[in-house]
Amino acid sequence: MKSSRASQYATHALLIIGLLVLLLPIYFAFVASTHSVKALLTAPIPFWPGHHFLSNYATVLFHGVKTLGGEPVWHLLWNSFWMAFFIAAGKVVVSLLSAFALVYFRFPLRTLGFWLIFLTLMLPVQVRIVPTFQVVAQLGMLNHFSGLCLPLIASATATFLFRQFFMTMPRELCEAAKMDGAGPMRFFWDIVLPLSKTNIAALFVIMFVYGWNQYLWPLIATSSANMSTVVMGIQKLALAADQVPSWDLIMATAILALIVPVCVMLIMQRWFVKGLVDTEK
Amino acid sequence: MMATLTLKQLKKSYDQVEVLHYIDLTIDEGEFIVVVGPSGCGKSTFLRLLAGLETVTEGELWLGDKNITHTPAKSRNMAMVFQNYALYPHMSVFDNMAYGLKIRGFAKNDIKARVEEAAEMLDLSHLLKRKPRQLSGGQRQRVAMGRALVRHPSVFLFDEPLSNLDAKLRVDTRVKIHKLQRRLGITSVYVTHDQTEAMTLADRLIVLNKGYVEQIGTPLELYHHPRTKFVASFIGSPAMNFIELSVDEQRQKLGKAVSQEPVCVGIRPEHFQFLLEGQAGFCLKARVDMIEALGHEYIVFSKVLGSDEEFSVRLKEKPVVTEGDEVFLYAPADKMHFFDVTSGVAINL
């Protein structure tokens, strides 16, 4: 398809406007993180980066802030990373296996099982948060990684997506593997898994960001400062009582909280994009 | 292991729907069996039962002296070539062929030797590193064959392996399969709806219709002595011509009543002669509708006057008639087939 020069300019103009709209807040967050609080509280707000970049970031990353219980942000990032990683990995593993079972095995109540899973799509975390808390508390998993991640690792969305993907794979592929002597798990490992690579990457990224952004559940399931996540950390920073919130540090933490998911995204980008657009089988 | 396949009263049904009705058959070692029939006649199900991809509802299946009715597919030592080839898209040609051997725990160099041998046979040696998507349709088909070959199975199963190829390639590949099977002497069951494939490849043909075996026999047996009207119409191209004759018409056209009821007369297109004047015997007045010139032969379609029947006539030479001409179609008595009008069963005189 050939487009005229004018429409190319229009496309670019639109893209640039969109980019500005998206990037401007992030830019301001970054600028704010390089000034002192004082500079931020006097009008006009600065437009160019200031001189406190190193000191602000060093403070949040390594020294910790009092309102955070003195926990340095690198530790919060560490917690967040592993929580997001386990949630994403868990979701991929659990939903891959359940979708595999749903598509390739005939067992009683299979359809009912599928619809029950599908139904839970409509229940947000918040609805079942109280019973979940009770179960996790009784299992003694509060203030522990298992308590943070386990309740979140089942995913109806991912199961559904994998199911749809498996159903597009020709039935003969499974039969050919059977004739070749592969058992079900061998078939899963040698054929299904490699073919789902791009889908797995795409889902992993989406689920990693989902895990990273978890706020309510970590807030409930953890109380000790050394288990808190970066998203909780930002909130605690902003909640400083009886004093001016240190916006410079809050913004520095926010920027840091942004970097990890962006990195994961960049690393997985090649497969991620392929997974979303690829139809080759 | 003896590779005689024996089917005893084999039956398959899904819930209430019967797909295959009590099939009895013995396939000798090294025999090439072709199963033909229209779509939905149960021929694919038949193959999948042999492969172990479907469960047998009733009856037994024996390979040599082993009852394999309930043996899982992987332990039957059969190899199958699928219609869409079902190659593993993420594996190279080599790995596609080697996969079955790897699972069965063959040694690395044994696998390599076998795959290379098969690749040599199928002219695939230069493609071993490619992925299936980088191959043409014909090459993919050969990889699918190779995957079956390397296992040295006791039975080959083919599920319409040529239907995705273009006409020329189909003929080439058909000949290749035929030669290969003769050379290796592996018992083969081949499912197709293409009757040229059926006639040329088969040692014995099985014609299936709606889950029933219509006839089993050599291709020529089926061609010359069809046991039912269905077989007669299915084998041969263009199809056999049929016309119904009442008892009176039988006396008039055949000189005697073949049956005390109306019968269906079948005549192959190549057994008709054109006459410009009517004569005694089986002679029908017809108008030429259309002539298809194929170079080596001519097919003349003509409508029998006073009926809806359209007859095809095959001629070796350029016909003297042209479209719109009125002619007489004559068939000698010894070239006719008779079938019961209601049951379709052949009447032997």
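Bear in mind these aren't lab numbers, they're just calculated from the coordinates by the rules spelled out. No experiment lies behind these values; they were computed from the predicted model shown. Because the Cβ atoms are built from the backbone with ideal geometry, glycine has one as well, and the counts that use them run over all protein chains shown.
With the Cα gyration tensor of chain B in hand, convert its eigenvalues to equivalent ellipsoid semi-axes via √(5λ) and list them largest first in whole Å. Please report the intermediate quantities before stating the final value.
Details: eigenvalues 417, 125, 42 Å².
Equivalent ellipsoid semi-axes, largest first: 46, 25, 15 Å.
What do you get for trypsin sites (Lys or Arg not before Pro) in the stretch B:179-240 restricted to DSSP loop and a cutoff of at most 16 other Cβ within 10 Å of the site's Cβ?
B:Lys210
Lys pairs in the stretch B:235-331, Cα-Cα under 23 Å, at least 8 apart or on separate chains: how many?
8
Angle check, please: helix B:137-149 long axis (alpha carbons) against the longest principal axis of chain B (alpha carbons), in degrees 0 to 90, nearest 10.
60 degrees
Considering chain B as a Gaussian network with a 10 Å cut-off on Cα pairs, which listed residue, B:Thr322, B:Thr228, B:Thr196, attains the greatest mean-square fluctuation?
Looking only at B:Thr322, B:Thr228, B:Thr196, the largest GNM fluctuation is found for B:Thr322.
Which trypsin sites (Lys or Arg not before Pro) in the stretch A:86-140 sit in a loop by DSSP (not H, G, I, E or B) and have at most 13 other Cβ atoms within 10 Å of their own Cβ?
When the trypsin sites (Lys or Arg not before Pro) of the stretch A:86-140 are filtered for loop state and at most 13 Cβ neighbours within 10 Å, A:Arg106 remain.
Normalise the Debye intensity by I(0) for chain A, one equal point scatterer per Cα, no solvent, then take log10 at q = 0.12, 0.15 Å⁻¹ and round to two decimals.
These q points yield log10 I(q)/I(0) values of -0.93, -1.17.
Given the rule -39500 (n - 2.57) for each run of at least 4 DSSP H residues, summed and divided by the residues of the protein assembly as shown, what is its mean residue ellipticity at 222 nm, to the nearest 500 deg cm²/dmol?
Only helices count here, giving -13500 deg cm²/dmol.
Of the options A:Ser4, B:Phe301, B:Gln9, report the single residue whose Cα projects farthest towards the positive end of the charge dipole of the protein assembly as shown (beta-carbon charges: Lys, Arg +1; Asp, Glu -1).
Among A:Ser4, B:Phe301, B:Gln9, the one farthest towards the positive end of the dipole of the protein assembly as shown is A:Ser4.
For chain A, find the longest principal axis of its Cα atoms and tell me its angle to the long axis of helix A:247-277, 0 to 90°, nearest 10.
20 degrees
What is the antiparallel percent of DSSP beta bridges lying wholly in the protein assembly as shown, to the nearest 5?
75 percent
Quick one: Debye curve from the C-alpha atoms of the protein assembly as shown, no solvent, what's log10 I(q)/I(0) at q = 0.07, 0.10 Å⁻¹?
-0.70, -1.02
What Kirkwood radius, in Å to one decimal, follows from the Cα pairs of the stretch A:137-235?
Here the Kirkwood hydrodynamic radius works out to 16.3 Å.
Can you pull out the chymotrypsin sites (Phe, Trp or Tyr not before Pro) in the stretch A:50-153 whose DSSP state is coil and whose Cβ has at most 13 other Cβ atoms within 10 Å?
Here the sparse-neighbourhood loop sites are A:Phe105.
Highest GNM mean-square fluctuation, chain A, Cα pairs closer than 10 Å: which of A:Gln235, A:Gln243, A:Gln134?
A:Gln243
How many lysine pairs are close in the stretch A:61-279, with Cα atoms under 22 Å apart and the two 8 or more places apart or on different chains?
Count of close lysine pairs: 5.
Based on DSSP loop calls and a cut-off of at most 15 other Cβ atoms within 10 Å, the longest stretch of chain B free of exposed GluC sites (Glu not before Pro) is what?
B:30-276
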